[in-house]
Amino acid sequence: MSEHTPHITPYRTLGIILLILLSLTFVTIEITSIHLGAFTVTAALLIAGFKGYLVLAYFMHLKHESTLLRVLVALVFVLFALIVVITFIDYAFRS
Amino acid sequence: MSNHENHTHVHRDDEAQKLGMWLFIFTELLLFGGLFLVYSIFRAQYPENFHESSLELSVTLGVINTVILLVSSMSVAIALTAVQKSNYKLAKLMLLLTVALALAFMVNKYFEWGAKFHHGLYPGSELMQLLDRGHHLYFSLYFFMTGLHALHIIIGVILLLISYVKINKGKVVSDNFMHLENAALYWHLVDLIWIFLFPLLYLIS
């Protein structure tokens, strides 16, 4: 693996990603200032999830990493999702 | 290890170093993930209290700190690109900018926590004991999660400063930059956690 030269993320890409992240932050603030109950929470978490994806893919350059690493990272998030779902099922069915 | 002194082939495995760092990051993600889960459960249990408590936080300070962390995440990524392109001057400048932003974050946090302390709101305080259970839980989680996050900021700053020294000594160079890469990964993790902490604690109410 060390033979292959590492991918160098251009400055431009990093700048564009920052601009998107900043815009999404302000979109989140706007959305959460409108009180729409459960929709607000879902929207804020979806945007946070997308921002997290951008940080992982570009700043942490997973987009150019080996398949092994990308699958491992994905599995950690799947594991966390399972823990959340199972805990909430337990919580919902307690008398 | 080679015995030939003049043939200095040092064994180095960048992929393994990176994988090791990622495995550590996984444990960090699950550590904070557990706290997010605790937050979600208690939020579901005490929605009104969580709503009222979150109104106590300054959204302005939260936004400023979010912007600071996002910019610092980019500056550390620029530092890595600069090292890969042998532009060490820019790399060092960007690392110093990142550290300066981290300090600005901590100063903000100091004022934010300071205001809470001033109002008698801190873990174990008399006021905290008198609060409703939901309020108590919210502020305990607030102090614990932002406190643990701030601890990560301090560790991140130390790692970035070590990278800075290594660039200065010529130990982090365009064909050997794993120390900076791993320090940068840690810094991005700090940013990543804040991306979820900020809306959950400050915005969703």
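FYI, it's all coordinate maths here, none of it is from the lab. Note that the coordinates shown come from a computational prediction; the quantities given were computed from them, not determined experimentally. Positions of Cβ are generated from backbone atoms using ideal geometry, with glycine treated the same way; all protein chains shown enter the neighbour counts.
To the nearest 500 deg cm²/dmol, what mean residue ellipticity at 222 nm is calculated for chain B from DSSP H runs of n ≥ 4 alone, each contributing -39,500 (n - 2.57), summed and divided by the residues?
Taken over chain B, the calculation gives -27000 deg cm²/dmol.
Please report A:SER33, B:SER73, B:SER174 as a ranked list, fewest other C-beta atoms within 10 angstrom at the top and most at the bottom.
Taking fewest neighbouring Cβ atoms as first place, the list is A:SER33, B:SER174, B:SER73.
Listed from fewest to most Cβ neighbours within 10 Å, the set B:ASP132, B:ASP175 follows the order B:ASP175, B:ASP132.
Projecting label points 7 angstrom from Cα along Cα→Cβ for B:HIS11 and B:VAL38 puts them 4.2 nm apart. Near A:MET60: Cβ cut-off under 10 Å, other residues only, Lys/Arg at +1 and Asp/Glu at -1. The net charge is -2. With θ taken as phi - 60° and the Karplus curve 6.51 cos²θ - 1.76 cosθ + 1.60 applied, the whole-hertz 3J(HN,Hα) list for segment B:14-22 is 4, 4, 5, 4, 5, 4, x, 4, 5 Hz, x standing for glycine and proline. Among the trypsin sites (Lys or Arg not before Pro) in segment B:130-205, those located in a DSSP loop and surrounded by at most 10 other Cβ atoms within 10 Å of their own Cβ are B:LYS169.
Please identify the trypsin sites (Lys or Arg not before Pro) of segment A:1-65 that satisfy two criteria: DSSP loop assignment and at most 15 other Cβ atoms within 10 Å. Which are they?
Here no loop site has a sparse enough neighbourhood.
For segment B:176-191, the Karplus equation 6.51 cos²θ - 1.76 cosθ + 1.60, evaluated at θ = phi - 60°, returns couplings of 7, 10, 4, 4, 5, 4, 5, 5, 5, 4, 4, 5, 5, 4, 4, 5 Hz by residue, with Gly and Pro reported as x. Note on B:TRP113, B:TRP187, B:TRP22: ascending count of other Cβ atoms within 10 Å places them as B:TRP113, B:TRP22, B:TRP187, the fewest first.
Run the count for chain B, please: Lys pairs, Cα-Cα under 30 angstrom, 8 or more apart or on different chains. Close lysine pairs under the 30 Å cut-off: 17.
Backbone geometry of segment B:39-56 corresponds, through the Karplus equation with coefficients 6.51, -1.76 and 1.60 at θ = phi - 60°, to 3J(HN,Hα) couplings of 4, 4, 4, 5, 5, 5, 7, 10, x, 5, 4, 5, 4, 4, 5, 5, 5, 6 Hz, x marking Gly and Pro.
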